[in-house]
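Engineer: The structure's right below; bear with me while I get my questions together.
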Amino acid sequence: MPREKPKTKAGKKNKVEKVEREFKEGELHSGSKKGPVVTNPAQATAIALSEAGLSKKKKKHKKKK
């Protein structure tokens, strides 16, 4: 079951902090809990931003004439 993404800015910040803490404790896994433990800090950051929903690019809306 996928984890829910936080809706508020504070919730997103808390989610990133939680994932970073898991990485520092050596408990962050790539993929599921059965996947390998993440050892690369850049990968941990990418996972944190993805889970918080911050890694998505913003789309610019074109003005209609």
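Engineer: Would you mind getting the Kirkwood hydrodynamic radius of the chain from its Cα pairs, rounded to one decimal in Å?
Structural biologist: Evaluated on the chain, it is 13.0 Å.
Engineer: Let me ask another. Mean residue ellipticity at 222 nm from the helices of the chain, using -39,500 (n - 2.57) per DSSP H segment of n ≥ 4 over the full residue count, to the nearest 500 deg cm²/dmol?
Structural biologist: Taking each H run of at least 4 residues, the total per residue is -14500 deg cm²/dmol.
Engineer: How high is the relative contact order of the chain, in percent, counting Cα pairs under 8 Å that sit 6 or more residues apart?
Structural biologist: 34
Engineer: Right, next: Only sites in a loop by DSSP and with at most 15 other Cβ atoms within 10 Å count here; which GluC sites (Glu not before Pro) in the chain make the cut?
Structural biologist: Glu4, Glu27
Engineer: Search the structure for amide H atoms under 5 Å from the amide H of His29, placed 1.01 Å from N in the peptide plane, and list their residues when 5 or more places away or on another chain.
Structural biologist: Distant-sequence amide H within range of His29: Val38.
Just so you know, all these numbers are worked out from the coordinates, no wet-lab data involved. The model shown is predicted, which means the values in this text are computed figures rather than measured ones. For neighbour counting, all protein chains shown are included, and Cβ atoms are generated from backbone atoms with ideal geometry for every residue, glycine included.
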